[in-house]
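The values are calculated or read from the model by the stated rules, or taken from the named source; none is laboratory data. As the structure is a computational prediction, the values presented were derived from the model and not from experiment. Note that each Cβ is placed from the backbone with ideal geometry, even for glycine, and that neighbours are counted across all protein chains shown.
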Protein chains: 2
Amino acid sequence: MSFPQPPARQVIAVDMDEVIADALGEHLFRYNRDFPDDFPEPLTRADLHGRRLWQAAPSDRRTAIDAYLRTDDFFRVLRVMPDAQRVLERLQSRYDVFIASAAMEVPTSFAAKYQWLAEHFPFIPSSRIVFCGDKSILRADFLIDDNPRQLRVFRGEGIIYTSPANVNITGYRRVDSWLNVEKLFLD
Amino acid sequence: MSFPQPPARQVIAVDMDEVIADALGEHLFRYNRDFPDDFPEPLTRADLHGRRLWQAAPSDRRTAIDAYLRTDDFFRVLRVMPDAQRVLERLQSRYDVFIASAAMEVPTSFAAKYQWLAEHFPFIPSSRIVFCGDKSILRADFLIDDNPRQLRVFRGEGIIYTSPANVNITGYRRVDSWLNVEKLFLD
């Protein structure tokens with residue numbers, strides 16, 4: 001006698017920065033704190049429509065803006081995106097969820113990212129965490145990511161998570177929030 | 001007018017410890033140095049036939065043996081497996097090669113592993129490095145790994161790289177050296 005095999009669960013890979021972690025918020029905070037005279041009012045997400053922070057700031061700020069990413073604490077102190085914890089925990093009941101961060105772009109970020117995940121997403125086992133570069137290497141049915149470059153090389157269905165820099169990108173299903181993700185995958 | 005697309009290259013994922021990095025050699029060195037009285041002669045790879053180091057040593061050594069992996073320098077000082085550099089560089093000319101280490105099992109190892117790769121395999125771009133847990137997440141045609149647990153969950157063809165612990169494992173094509181890998185993929 002043999003028992004029927006449960007159907008294989010679909011795999012969802014989830015990016016970190018700008019998807020579950022508010023990296024841009026911390027970037028804006030540090031930029032506004034250190035360069036208060038660049039603009040009459042502090043820069044906000046709304047000012048970045050279609051641009052990255054370094055593209056919106058004066059061009060001689062790029063080095064300073066990039067350097068924030070390489071400070072020890074940058075990726076450790078990020079705020080969690082609204083509803084990400086609750087929805088990811090729900091997703092895990094129906095899907096195999098992996099966190100997949102292009103951490104190789106900032107090799108100093110590994111430890112902080114790992115600790116941040118352990119603090120804020122303790123229900124995700126470390127066996128389901130991936131620090132990679134090019135996300136073409138992921139075998140998953142879906143990738144939720146804000147970066148169109150990664151969505152292009154990914155071989156499953158890419159789902160674009162809205163960030164100020166990507167608002168003009170088309171060609172993917174788009175989610176604006178974790179409530180959107182919940183509706184898409186769990187309704 | 002359009003040019004014909006080149007055929008997609010096959011993807012080979014390559015494990016680090018016991019495949020390109022001699023982690024067991026360093027483990028044996030530290031164990032023999034710190035516990036010279038456990039055995040009449042220093043332990044060697046040949047003594048481990050079918051066993052891991054902690055299984056071959058007295059049972060009360062397990063904590064100490066595991067602790068070596070969490071020292072800052074362990075993964076930084078490993079010797080490179082013979083011929084791994086030359087053959088991997090050759091493989092890159094015909095395949096998309098990714099390094100895929102289950103680094104999540106030892107989260108303190110990220111920085112050392114990254115620096116070790118940069119020193120010994122500078123021709124591998126960081127975009128092709130993956131630190132993961134469960135290798136079921138890899139989308140690759142081949143995985144060269146010594147760990148049967150990872151080969152079992154991988155969805156492409158697993159190729160077992162011989163290490164003392166896995167000599168009794170069957171069910172995979174087996175390579176004993178990088179010269180074997182060269183013959184398998186490049187002849």
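Worth a mention:
- Test: B:ALA8 is within 14 Å of chain A (Cβ to nearest Cβ), farther than 21 Å from B:GLY133 by Cα and surrounded by fewer than 19 Cβ atoms within 10 Å (Cβ to Cβ): yes
- Considering A:HIS27, A:HIS49, the condition of being crowded, with 20+ Cβ neighbours inside 10 Å and outside the structural domain of A:ILE137 (by TED's automatic domain parsing) is satisfied by A:HIS27 alone.
- Condition broken by B:ALA102, with the remaining ones in (1) hydrophobic (A, V, I, L, M, F, W, C); (2) in contact (Cβ under 8 Å) with a residue 12 or more places away in the chain; (3) more than 14 Å from every other protein chain (Cβ to nearest Cβ) satisfied: (3)
- In segment B:44-69, the residues that are free of Cβ contacts under 8 Å to residues at least 40 places away in the same chain and under 17 Å from the mean Cα position of the chain (by Cα): B:LEU53
- Residue list for segment B:30-46, restricted to those being exposed (fewer than 12 other Cβ atoms within 10 Å of the Cβ) and among the charged types (D, E, K, R): B:ARG33, B:ASP37, B:GLU41
- Selection status of A:ARG90, part of a helix (DSSP H, G or I), under 15 Å from A:HIS120 (Cβ atoms) and of a type outside the set (A, V, I, L, M): no
- Applying the criterion of at least 1 residues that are in contact with a Cys (Cβ under 6 Å, 6 or more places away or on another chain) to the strands (runs of 3 or more DSSP E) found wholly in segment A:102-187 leaves A:129-131.
- Between A:ALA13, A:ALA46, the distinction of being under 21 Å from A:SER177 (Cα atoms) and in a helix (DSSP H, G or I) belongs to A:ALA46 only.
- Only residues that are more than 9 Å from every other protein chain (Cβ to nearest Cβ) and more than 16 Å from the chain's Cα centre (by Cα) were counted in segment A:122-133, giving 2.
- Taken over segment A:98-119, the criterion of being more than 19 Å from B:LEU117 (Cα to Cα) and out of contact with any strand residue (DSSP E or B) (no Cβ under 8 Å at 6 or more places or on another chain) is satisfied by A:ALA112, A:GLN115, A:ALA118, A:GLU119.
- Residues in segment A:154-177 that are crowded, with 19+ Cβ neighbours inside 10 Å, within 14 Å of chain B (Cβ to nearest Cβ) and not small (Gly, Ala, Ser): A:PHE154 alone.
- Test: residue in segment B:81-98 that is among the acidic types (Asp, Glu) and within 14 Å of chain A (Cβ to nearest Cβ): yes
- Test: A:SER136 is at the interface with another protein chain (Cβ under 9 Å from one of its Cβ atoms), within 18 Å of A:GLN85 (Cα to Cα) and surrounded by fewer than 23 Cβ atoms within 10 Å (Cβ to Cβ): no
- Sole residue being under 30 Å from A:ALA46 (Cβ atoms) and outside the structural domain of A:ASP72 (by TED's automatic domain parsing), chosen from A:SER93, A:SER127, A:SER109: A:SER109
- The single condition from (1) within 24 Å of B:ARG76 (Cβ to Cβ); (2) modelled with pLDDT under 95 that B:ALA23 fails is (2).
- Some residue of segment B:68-77 being touching a Gly at 6+ places or on another chain (Cβ under 7 Å), within 14 Å of another protein chain (Cβ to nearest Cβ) and not in a loop (DSSP other than H, G, I, E, B): no
- Tallying residues that are over 14 Å from the mean Cα position of the chain (by Cα), more than 8 Å from every other protein chain (Cβ to nearest Cβ) and under 15 Å from B:GLY133 (Cα atoms) within segment A:106-121 yields 1.
- Qualifying residue in segment B:65-74 (condition: exposed (fewer than 15 other Cβ atoms within 10 Å of the Cβ), under 28 Å from A:VAL153 (Cβ atoms) and charged (D, E, K, R)): no
- Of all residues in segment B:140-153, those satisfying the criterion of being free of Cβ contacts under 8 Å to residues at least 60 places away in the same chain and within 14 Å of chain A (Cβ to nearest Cβ) are B:ARG149, B:ARG152, B:VAL153.
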